[in-house]
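Q: What follows is a single structure, and I will ask about it in a moment.
The values are calculated or read from the model by the stated rules, or taken from the named source; none is laboratory data. Computed from a prediction, not measured in an experiment: that's the story for all the values here. Here Cβ is always computed from backbone atoms with ideal geometry, including for glycine, and neighbour counts include all displayed protein chains.
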């Protein structure tokens, strides 16, 4: 058994890999496109092979200009393999060691895309289960379930109430203070974990740097103010390589409970629609019920689940 990154000569065999399991996976067309634009690379696509047969395939994603992989997008193992989780764990472990030798710190998380209501579908439960076992064995012992939402023009635009004044703000330090304030008491698991591990200042700065690194222009960002002139929150529409997204939004703690989250989301949706967006994607943690309810009120449709398996 050989565990290794692919070369150009392997590409046809790798492209032929597929699955009928009800999980998200990288099909041939997407693999070709992302190899062409640099989101995928031969050195970040690994296979397990035996006597020339590809038994397993793992594809990591990195952002444009990135030095190290940020996420595992696809993990496939032939269903004829007796221990699919074991082979997958070996493949992930070999790749993780190679990434570490090149200077990567931490482990890239694995994002498993599942249909809504997946717990009621035995085939989806089974498809996730062996991947979870493999991920845990390879060091990805944490788990976060997120709901995926989508807005299209057919749903209609959510109403702008006019209760808040949304303004662009070119000063990054002013925006940084807003990031810091809205993170206090957040129900977002990543934000909570970041504040606990790094402190409020570093978490806010890292969050802001992350959104600055996305493809949406900084000029799209807005701060929201009450009629009395106080900060109500922030709204960050953006883009990723697949299209427009609700990047980030938040309400300052002292003004929560007034429905301002709806105003923030409506502003983001309008701003993206005005740029010609035909589809807007958004995620929120399954435990963040207020945010999920806001998406539903704004006519976003929950179309999938993202299970994030990550390092502890």
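Results for (1) under 20 Å from the mean Cα position of the chain (by Cα); (2) under 20 Å from residue 236 (Cβ atoms); (3) at pLDDT 95 or above, shown as yes or no for each residue.
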position: 118; (1), (2), (3): yes, no, yes
position: 130; (1), (2), (3): no, no, yes
position: 156; (1), (2), (3): no, no, yes
position: 195; (1), (2), (3): yes, yes, yes
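Q: Return the pairs, sorted by first residue and then second, in which the second residue is at pLDDT 95 or above and in a loop (DSSP other than H, G, I, E, B), the first residue lies in region 157-172 and is in the same structural domain as residue 260 (by TED's automatic domain parsing), the beta carbons are less than 6 Å apart, and the residues are 6+ apart or on different chains.
A: 158/298
Matching residues to (1) surrounded by 15 or more Cβ atoms within 10 Å (Cβ to Cβ); (2) more than 30 Å from residue 106 (Cα to Cα); (3) touching a helix residue (DSSP H, G or I) at 6+ places or on another chain (Cβ under 8 Å); (4) touching a residue at least 12 places away in the same chain (Cβ under 8 Å):
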{"residue": "249", "(1), (2), (3), (4)": "yes, no, yes, yes"}
{"residue": "266", "(1), (2), (3), (4)": "yes, yes, no, yes"}
{"residue": "280", "(1), (2), (3), (4)": "yes, yes, yes, yes"}
{"residue": "293", "(1), (2), (3), (4)": "no, yes, no, no"}
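Q: Go through region 295-312 and give me each residue that's under 19 Å from the mean Cα position of the chain (by Cα) and either in a helix (DSSP H, G or I) or without any contact (Cβ under 8 Å) to a residue 40 or more places away in the chain (or both).
A: Initially, region 295-312 is screened for residues under 19 Å from the mean Cα position of the chain (by Cα), giving 295, 300-312.
The one that is under 19 Å from the mean Cα position of the chain (by Cα) and either in a helix (DSSP H, G or I) or without any contact (Cβ under 8 Å) to a residue 40 or more places away in the chain (or both): 295.
Q: Okay, next question. Kindly establish whether residue 211 is out of contact with any helix residue (DSSP H, G or I) (no Cβ under 8 Å at 6 or more places or on another chain) and under 25 Å from residue 143 (Cβ atoms). Full working, then the answer.
A: On the way: out of contact with any helix residue (DSSP H, G or I) (no Cβ under 8 Å at 6 or more places or on another chain): yes; under 25 Å from residue 143 (Cβ atoms): yes.
The answer is yes for residue 211.
Q: Okay, next question. Looking at 242, 206 in this structure, which one is surrounded by fewer than 17 Cβ atoms within 10 Å (Cβ to Cβ) and in contact with a helix residue (DSSP H, G or I) (Cβ under 9 Å, 6 or more places away or on another chain)?
A: Numbers: 242 fails: in contact with a helix residue (DSSP H, G or I) (Cβ under 9 Å, 6 or more places away or on another chain).
On inspection, the qualifying residue turns out to be 206.
Q: Examine region 34-51 for a residue that is surrounded by 23 or more Cβ atoms within 10 Å (Cβ to Cβ), assigned by TED's automatic domain parsing to the domain that holds residue 12 and over 22 Å from residue 102 (Cα atoms), and state whether such a residue exists.
A: No, region 34-51 contains no residue that is surrounded by 23 or more Cβ atoms within 10 Å (Cβ to Cβ), assigned by TED's automatic domain parsing to the domain that holds residue 12 and over 22 Å from residue 102 (Cα atoms).
Q: Could you tell me which numbered condition residue 94 fails, if it satisfies all but one of (1) touching a strand residue (DSSP E or B) at 6+ places or on another chain (Cβ under 9 Å); (2) buried (at least 19 other Cβ atoms within 10 Å of the Cβ); (3) in contact (Cβ under 8 Å) with a residue 40 or more places away in the chain?
A: Result: residue 94 fails condition (2) only.
Q: Within region 214-231, is there a residue that is at pLDDT 95 or above, touching a helix residue (DSSP H, G or I) at 6+ places or on another chain (Cβ under 9 Å), under 30 Å from residue 40 (Cβ atoms) and crowded, with 21+ Cβ neighbours inside 10 Å?
A: Yes, some residue in region 214-231 is at pLDDT 95 or above, touching a helix residue (DSSP H, G or I) at 6+ places or on another chain (Cβ under 9 Å), under 30 Å from residue 40 (Cβ atoms) and crowded, with 21+ Cβ neighbours inside 10 Å.
Q: State all residues of region 64-90 that are under 12 Å from residue 44 (Cα atoms) and either in contact (Cβ under 8 Å) with a residue 60 or more places away in the chain or surrounded by 22 or more Cβ atoms within 10 Å (Cβ to Cβ) (or both); if no residue qualifies, say none.
A: Residues satisfying the conditions are 69, 72, 73, 74.
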